[in-house]
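Report on the following structure.
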Amino acid sequence: MGNLDEIDRRLLAELQDEGRVTNVDLATRVGLTAPPCLRRVRALEESGVIKGYHADLDGSKLGFSITVFAMVSLRSQAEEDLRAFEDHVLALPEVRECHMLNGEIDFILKIVSEDLQSFQEFLTSKLTPAPNVASVKTSLTIRTAKHQPGVPLTV
């Protein structure tokens with residue numbers, strides 16, 4: 001769905017900023033009536049442009065006070081070994097993001113944990129001993145200056 005018009009882009013920007021907006025309010029914001037607004041949103045969902053709706057949770061208020069970025073190097077970069085590692089981290093709920101990189105590091109992971117001891121336990125029991133892992137370098141976040149999911153839409 002590469003041919004988004006201005007109204008589609010405005011719909012996406014509004015939904016990205018406030019996913020719980022009612023269809024009536026959304027329609028008003030973009031200058032439509034409710035029925036065509038709903039049809040457009042459903043089309044954006046069906047095309048996969050809108051992948052889902054999520055609550056933005058405050059991890060620290062839920063007991064996850066630690067966020068760590070782990071740079072993982074693998075022994076082998078054969079496709080089956082890359083996929084095996086990806087499958088392994090898919091099963092680890094503490095891993096919130098997993099991105100394959102080019103260069104010296106094969107993957108960067110965003111990991112949340114309750115505290116330093118829990119993270120150390122996760123690292124030594126679930127991540128470092130994973131098949132094909134050559135090394136793991138970690139960096140603990142000190143603070144987050146910006147957290148803005150989504151993409152920068154211009155409307």
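The values are calculated or read from the model by the stated rules, or taken from the named source; none is laboratory data. Please read these numbers as outputs of a predicted model, since none were measured by experiment. Here the Cβ positions follow ideal geometry from the backbone for every residue, glycine too, while neighbour counts run over all protein chains shown. For accessibility, only protein heavy atoms count, side chains too; no ligands or nucleic acids. Shrake-Rupley method; radii C 1.70, N 1.55, O 1.52, S 1.80 Å.
Relative to one another, the C-alpha centroids of the range 101-155 and the range 1-51 are positioned 33 Å apart. Taking each of Lys61/Lys137; Lys61/Lys146; Lys51/Lys146; Lys126/Lys146 in turn, the alpha-carbon distance tops 25 angstrom for Lys61/Lys137; Lys126/Lys146.
About the centre of its Cα atoms, the range 1-57 shows a dipole size close to 140 debye [charges on the beta carbon of Lys, Arg (+1) and Asp, Glu (-1) only; nearest 20 debye]. Between (i) 14.6, 42; (ii) 13.9, 39; (iii) 19.9, 57, which entry matches Rg and Dmax of the Cα atoms in Å as derived from the coordinates of this structure? Correct label is (iii). Counting protein heavy atoms only, the chain has 51 percent of its accessible area on carbon and sulfur, 1.4 angstrom probe. Using a probe of 1.4 Å on the protein chains alone, the accessible area found for Lys126 is around 80 Å². The residues of the chain expose, per residue, 69 Å² of accessible area to a 1.4 Å probe. Projecting the Cα atoms of Ala34, Leu62, Pro149 onto the charge dipole of the chain, computed from C-beta unit charges around the Cα centre, puts Ala34 farthest toward the positive end.
A Cβ-based charge dipole, computed about the Cα centre of the chain with Lys and Arg at +1 and Asp and Glu at -1, lands at about 340 debye.
Kindly express, to the nearest 10 degrees and within the range 0 to 90, the angle between helix 6-17's C-alpha long axis and the longest C-alpha principal axis of the chain. Value to nearest ten degrees: 50. Helix-only arithmetic for the chain: the sum of -39500 (n - 2.57) across DSSP H runs with n ≥ 4, divided by the residue total, places the mean residue ellipticity at 222 nm at -10000 deg cm²/dmol.
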